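The values are calculated or read from the model by the stated rules, or taken from the named source; none is laboratory data. Worth saying up front: this structure is predicted, and the values here are computed from it rather than measured. Methodologically, a virtual Cβ is constructed for each residue, glycine included, from the backbone with ideal geometry; neighbour enumeration extends over all protein chains shown.
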Amino acid sequence: MKMTVPTLPSSQLLTSSHALILVGGFGTRLRPLTLSWPKPLVEFCNKAMILHQIEALVQAGVKDIVLAVNYRPEVMVSVLKKTEEEFGINITFSVETEPLGTAGPLALARDILGKDDSPFFVLNSDVTCTYPFEAFRDFHLAHKCEGSIMVTKVAEPSAYGVVVTKPGTTVIDRFVEKPVEFVGNRINAGIYMFNPSILDRIELRPTSIEKEIFPAIAADQQLHSFDLAGFWMDVGQPKDFLTGEHLPLPVASHFATLSPPHRPTKNKWVYGGNVLVDPTAEIDPTAVLGPNVVIGPGAKIGPGARLQRCVVLSNAVIRDHSWIANSIIGWNSNVGRWTRVENITVLGDDVTIKDELYVNGASVLPHKSISTSITEPRIVM
Amino acid sequence: MSTAVTKGVILVGGPSKGTRMRPLSLDCAKPLLPIAGKPMVWHPLAALAKVPGLTEILIIGFYEDSVMSGFIKDAKREFPNIGISYLREYRPLGTAGGFTTVIRDSILRPPVPQNIFICNIDICSSWPLTEMMELHGKHRGVGTILGVNVKKETATNYGCIVSDPSSLVLHYVEKPESWISNMVNGGVYLFDKSLFDEIKIAMDDKAARAAEDPLLQLQSDEILQLEQDVIVPLAAAKKMYVYETNDFWRQIKTAASAVTASRLYLNRFKTIAPELLASSSAVIIPPSYIDPSAIIDPTAKIGPNVAIGPGVRIGEGVRVKDAIVMEGSTIERHACVLNSIVGNNCQVGPWARVDGEPEPEQDSKGKISVTVLATEVTLAPETLVRSCIVLPNKSLSKNSANQVLL
């Protein structure tokens, strides 16, 4: 991980070659999965969440990516080393010694983000969407102002911060946090593009970009909103992997167009569509999968198993006749025969569920063996 | 010395009893509910049939004759050397009331028995009848009672017995308010024929008391409780003895207890009647009873402690354990039935799960443990029913837990 200044062809100088991904902390909301694996590496549709973002950035021509983290696990360094080599890019870990909020990390990475005049992307690591970075960049370059915010439409804006534009334009007028009255249904999607001049607005101290920096730029009429087409979601919690009718697999079918081996399968065991199976997984032909199922590499699904709306992470084993719905089966876990697992159960790494048990809404920490039914939702330490 | 003539009486009650067996008893008379693949009444009957010198068994209850006639016919065929008949009371007469008039005459008809066993239907026991008879032959009391030991916390739910080292009953109290002993009345008695004299005395006493107490007059003087009106005075007169067993014993009062009783009897079959059990295999874990007319897919896994009735169909990859599956029901592929009773002609869909907790040792105040599906209940595919009581003819397509489904 070096901090070199790449020599860019002059034609690209006006486009963009930098991005910063706000990774943040330990991902406590994604426990028990993040007890074993750093949050950005937890697979979403069979690919580490951060790789979805990195690949999309690379496609848009980004060469320098800064990960704003407040810790730096070795496993993440080694995984991303491979990614650097694969795509010929530089990935820099910008480690905060104290939490700097959502704006402070930009100041900390000023050397990279501000090394030329081209605009840069900023992404929250928890959000996933179709990542239309090229269209977003073109939009940003066209309006020639300081910043652009991707916005997405939601059905119930009262739970979010709503972005209000000046009538008939894309210029952001103001932000309304958790509006009581309807002022609009476009909310901040957590993906931005800025000119380096924004760095002059940010000090190296804990700062909220949403609360402190955006209102100031908007007051100067330098902030535009870009409508994101298609799906968008925040995958901060395990249930976000599973909840909602359209999740997560229409997401997967989008990603499938990016990476052919991850295309949803059309096999005879599929029931109800939207099933993504890694080619190295073994599925018994009498198992019935779907809708909305993701099976990770090396996973094994036994005879007569029935899976729906669930994620089976790599090398997990689902044994015969078991029934799984709305749950995440962690890496290397083993789910016994004739078990029923449901209601946002999340099994951490290497969890064993004995035969014939009922597991209802359990969060099971890594390396546990469960030998009695869990009939009401609880955490198994 | 030739063995004295002995007769057996099984008290089966009637339709207004056995309400705690609902919903199963809504469609099937309690004495005929299958326990370990056999009607409940079969178990005391088969035990009595093995008693040396036993000539006749009378089943006494107030079910209509037609309810019991099929069973009586089968029992006569199975035990051809013993007279088996059903005597119908026309109204509830109390546990000893049945011994009046017609019934007394039936019991005492030649060959006149020296000894009479009286068995309640609602218990599950190893029926140590021969042992009771040995003890009975050694004392000069009127009766021998089966004594069983229960947990101290539950003892006051039963008739409590205090005895001396010679097995003489010193004190007998029916359901005392405070703890007296852990040994309780097991619901099986062996009486000398002089019992009928004692009953006469008890009835006269009751009539005399009724004459003094206008409230009692309202009741029929024929209602007589065996425990309060006969055993209590016999114990007070030092005429009762107790045979204490440490073998298994349970009441079969609730539907949930039928699963426990089934397990206990299936385990007993391992030693006394292994031919009744399905032979062990990769898919059948003993002890299990499978009716010969049931169809079990070779990929299913059955047992232990499973009783499967006639005409039942078990599909591929099905799991059944600690359960009773009654006549004509179908369990479809990959479904799972644990700690449950599936009534007659039920339909359990693919990947459905019918699940319960084992029956708790103590009554747990309205909390449902074992799941009971009554007659003709249908479960949609993938449905979960856990610790529920489901009344007849229901079709369920939503998951349910811990409730009664009317």
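Here are the numbers:
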| item | result |
| --- | --- |
| Unique residue being touching a His at 6+ places or on another chain (Cβ under 8 Å) and either surrounded by fewer than 18 Cβ atoms within 10 Å (Cβ to Cβ) or under 23 Å from A:F136 (Cα atoms) (or both) when the list is A:I172, A:I187 | A:I172 |
| Filtered residue count, region A:273-297, keeping only those that are part of a strand (DSSP E or B) and either within 13 Å of another protein chain (Cβ to nearest Cβ) or closer than 19 Å to B:P350 by Cβ (or both) | 5 |
| Residue list for region A:17-34, restricted to those being at pLDDT below 85 and among the hydrophobic types (A, V, I, L, M, F, W, C) | A:F26, A:L30 |
| Conditions (1) within 11 Å of chain A (Cβ to nearest Cβ); (2) in a loop (DSSP other than H, G, I, E, B); (3) hydrophobic (A, V, I, L, M, F, W, C); number of the one not met by B:I368 | (1) |
| For B:T299: the one exception among (1) within 13 Å of chain A (Cβ to nearest Cβ); (2) buried (at least 21 other Cβ atoms within 10 Å of the Cβ); (3) among the polar types (S, T, N, Q) | (2) |
| Count of residues meeting criterion [surrounded by 13 or more Cβ atoms within 10 Å (Cβ to Cβ) and either outside the structural domain of B:R104 (by TED's automatic domain parsing) or among the hydrophobic types (A, V, I, L, M, F, W, C) (or both)] in region B:171-206 | 13 |
| Per-region count, region A:48-80, residues touching a strand residue (DSSP E or B) at 6+ places or on another chain (Cβ under 8 Å), farther than 19 Å from A:D126 by Cβ and among the charged types (D, E, K, R) | 2 |
| Selection from region A:208-227 of residues that are buried (at least 20 other Cβ atoms within 10 Å of the Cβ) and under 15 Å from A:N124 (Cα atoms) | A:I209 |
| B:P358 within 23 Å of the chain's Cα centre (by Cα) and within 13 Å of chain A (Cβ to nearest Cβ) | yes |
| Hits in region A:329-352 - residues which are more than 14 Å from chain B (Cβ to nearest Cβ), closer than 27 Å to B:A300 by Cα and not in a loop (DSSP other than H, G, I, E, B) | A:I329, A:N334, A:T352 |
| Scan of region A:359-381 for residues that are within 14 Å of chain B (Cβ to nearest Cβ), closer than 15 Å to A:I329 by Cβ and of a type in the set (G, A, S), ordered by number | A:G361 |
| Residue selected from region A:171-206 under the condition over 23 Å from A:D234 (Cβ atoms) and assigned to a loop (DSSP other than H, G, I, E, B), by the criterion modelled with the lowest pLDDT | A:E181 |
| Among residues of region A:310-328, those that are farther than 16 Å from A:S363 by Cα and either in a strand (DSSP E or B) or within 14 Å of another protein chain (Cβ to nearest Cβ) (or both), counted | 7 |
| Conditions (1) among the aromatic types (F, W, Y); (2) surrounded by fewer than 23 Cβ atoms within 10 Å (Cβ to Cβ); (3) modelled with pLDDT of 85 or more; number of the one not met by A:Y271 | (3) |
| Of residues in region A:63-115 being basic (K, R) and part of a loop (DSSP other than H, G, I, E, B), the one farthest from A:P196 (Cα to Cα) | A:R72 |
| Residues that are buried (at least 20 other Cβ atoms within 10 Å of the Cβ) and over 24 Å from the mean Cα position of the chain (by Cα), drawn from region B:316-329 | B:G317, B:V318, B:R319 |
| Among (1) outside the structural domain of B:T383 (by TED's automatic domain parsing); (2) modelled with pLDDT under 95, the one test that B:S262 misses | (2) |
| Yes/no for B:G137 being without any contact (Cβ under 8 Å) to a residue 40 or more places away in the chain and small (G, A, S) | yes |
| Residue count, region B:258-293 (criterion: under 17 Å from B:V342 (Cβ atoms) and surrounded by fewer than 21 Cβ atoms within 10 Å (Cβ to Cβ)) | 2 |
| Residue within region A:123-136 that is in a helix (DSSP H, G or I) and not hydrophobic (A, V, I, L, M, F, W, C) present | yes |
| Answer residue from region A:127-169, given it is surrounded by 14 or more Cβ atoms within 10 Å (Cβ to Cβ) and basic (K, R) and is nearest to A:L22 (Cα to Cα) among those | A:R137 |
| Some residue of region B:369-377 being crowded, with 19+ Cβ neighbours inside 10 Å, modelled with pLDDT of 95 or more and farther than 18 Å from B:A256 by Cβ | no |
| In region A:298-309, residue surrounded by the fewest Cβ atoms within 10 Å (Cβ to Cβ) [restricted to those that are part of a loop (DSSP other than H, G, I, E, B) and facing chain B (nearest Cβ under 9 Å)] | A:P303 |
| Elements of type strands (runs of 3 or more DSSP E) in region B:243-331, at least 3 residues being touching a Gly at 6+ places or on another chain (Cβ under 7 Å) and within 17 Å of B:C346 (Cα to Cα) | none |
| Conditions (1) under 19 Å from the mean Cα position of the chain (by Cα); (2) in contact (Cβ under 8 Å) with a residue 60 or more places away in the chain; (3) on the phi < 0 side of the Ramachandran plot: number failed by B:W127 | (3) |
| Residue match in region B:335-347 (condition: on the phi > 0 side of the Ramachandran plot, crowded, with 24+ Cβ neighbours inside 10 Å, assigned to a loop (DSSP other than H, G, I, E, B) and within 13 Å of another protein chain (Cβ to nearest Cβ)) | no |
